[in-house]
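Working notes, structure below.
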Amino acid sequence: MRTTPRTDATVHSWSPPDLCGLDFDPFLARMLHEEPVARIRLPHGAGHAWLVTRHADVKFVSADPRFSRRAVMGNDVTRVAPHFIPMDGAMGVADPPEQTRMRKVVAGAFTARAMRRLRERAQQVMDGLLDAMEQQGPPADLMALVHRPFPLAMVGELLGAPAEDWPRLAHWSDTVLSAAVGREASEQAKAEIAGYFADLIGACRSGAARLPRQLPPGEEAPREEAPREDLAAVLADGIDTGRIGFDEAVGLAALILLGGTHAPDNNSANMVFALLTHPGHLARLRAEPELVPRAVEELLRYIPHRNAVGLARIALEDVEVGGVTIPAGDAVYVSYLTANRDPEVFADPERLDFDRPAFPHVAFGYGPHYCPGATLARMEAEILLTSLWDRFPDLRLAVPVEELRWQRGALIRGPEALPVRW
Ligand code: HEM
C-alpha cells in the first residue's frame, strides 16, 4: 500500500553504517517498503532533505528539470561527507542546457571508434595484469593487482595522461572520494588534480596534439596520421572552438578521472565477490560465456554500489513526487540502489537472477546526469569476467568470507583487499 508522508512527517536521522559484503543498508530497504518519499537528516550539513526510493519516482526526480543540481552549490545541504565534493562549475552540479553542452564536448572522447580502440587496449592491459598475477603466484590480492590498475589504465588512456602519471592520479582520486579524509586533504587533492589537468590540456592547446581533419563517416585516418582522440585533446579542441571554457574543461577531466577510477574499481571487485559467493551462477557463466553481457547487467542491478546517497537536487518549485508535495527550495536525494530493488519492477529483487527478461536498472543513473562512462564500464566488466576465469578456472577466495575487510568511511562500497587462490 502506498504511504503518503505529510510535510510535518518525521525527519529520520540517518548515519549510514559501514556495511560488509553486498549487505543492503537496512534503512534504505525500510524506506523503500514503508515510506518511499521520506525526510532525512545526514551526519553533515544543515536541515533536512527528502529521500526518494521507488524506481518510478527516482526516474521522475532524476529527469525533471524542476529539480536542479546547480542550486545545490553554495547550499549547505544535509549530506554524508564533511566536505562538499564537486568542484564549482563541474558537470555534476550543472543543469541543462549548460550541462548538455559540456556532455556534448565530452562525448567526443566516447565515440564508437574511441571505444573500439580502448577495447583493444583493455584486453592487452588485462592480459598483462593477469600475467603479472600468475608470475607472482597465489595468494594474490585482486584489488591491488587487477581491480585498481585496470580501470586506472583505461581512464588514463581515455584522458590521454602518460602512464607514469597514473599512480598520482589514483592517489588524488582516492583522497577526494573518501568521506573519511576531511576537508583540507580533499581540497588539496582537488587543487592538485585541477593543476595537473590545466597543464595536460594546456599542452594539447599549444599544438602538441591537434585533432585531425574531419573525415567522412565510416572512413578511418591512416595510422601515420592517427588522431589523438583522447579527452585532453578533445577538451583542448572544445576550448579552441569556443564550445567550452578552460575551467570547465579542467573540471570535466577531473570528473571523468574521479568517475572512471573509484566506481569501476569497487564495482568490478563486488562483481567478482558476488560470483565467488554464488558458485552456481559462476558455473553457469563459465559454461555459457555468451551470458556474460546479461550477467553484467544483472550484477550492476544487484550490487549496492555506494554507501548512502550521492549528490542532492533542489526543488525549484513545489513538485509532487509519489503523492507527496516537495516544497520549493527543499533538497531531494534519490537512491538508485533502492530503485534497483523495487519489487514493482523486479520480481524477487533480492535474488541474483541472470534470466531476468529485461534490465531497466538505474545503476548508471537516469536523466541528464546518466553516467557517460557506462559503455566503458560495461566493456571493462565483460573483459574482466571473461579473462579472469579463462586464465584461472579454479579461482577462489583465499580466506573465509567473514575475514574479508570492507572499506570504511567510503562513498563507494568495496573490499579493502580481495585475496584469491587458484
Ligand atoms: C561500474 C561502474 C560505474 C558506475 C556504477 C557508475 C555510476 C554512475 C552513476 C549512478 C552516475 C549518475 C549520478 C547522478 O545522478 O548524478 C554516474 C555519473 C557519472 N559517471 Fe559513472 N559509473 C561508473 C563508471 C564510470 C566510468 C568508467 C566513468 C568515466 C570514464 C564515469 C564517469 C561518470 C561521470 C563523469 C559522471 C557525471 C555525469 C554528469 O553529472 O553529467 N563513470 N556514474
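The values are calculated or read from the model by the stated rules, or taken from the named source; none is laboratory data. In this text, all values refer to a predicted model and were calculated from it rather than measured experimentally. Positions of Cβ are generated from backbone atoms using ideal geometry, with glycine treated the same way; all protein chains shown enter the neighbour counts. With ligands, DNA and RNA removed, areas are computed over all heavy atoms of the protein, side chains included. Shrake-Rupley method; radii C 1.70, N 1.55, O 1.52, S 1.80 Å.
Quick look at the values:
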| quantity | calculated |
| --- | --- |
| Cleavage-rule hits, GluC sites (Glu not before Pro), segment 247-347, DSSP coil, Cβ neighbours within 10 Å at most 12 | 317, 344 |
| Spatial separation of Cα centroids for segment 260-327 and segment 337-412, in angstrom | 5 |
| Restricting segment 365-418 to GluC sites (Glu not before Pro) in coil, as DSSP defines it, with at most 16 other Cβ within 10 Å | 416 |
| Equivalent ellipsoid, segment 218-317 (semi-axes from 5 times Cα gyration tensor eigenvalues, Å) | 36, 25, 12 |
| Estimated dipole of the chain in Debye, rounded to 20 [Cβ of Lys and Arg +1, of Asp and Glu -1, Cα centre] | 420 |
| Long-range tail of P(r) for segment 257-299 (Cα pairs > 11 Å, %) | 68 |
| Cβ-defined net charge surrounding residue 66, 11 Å radius [Lys, Arg +1; Asp, Glu -1] | -4 |
| Kirkwood hydrodynamic radius of the chain, from inverse mean 1/r over distinct Cα pairs, in Å | 22.5 |
| Solvent exposure of the chain as accessible area per residue, Å², 1.4 Å probe | 43 |
| Accessible area of segment 285-422 belonging to carbon and sulfur atoms, whole % at 1.4 Å probe | 50 |
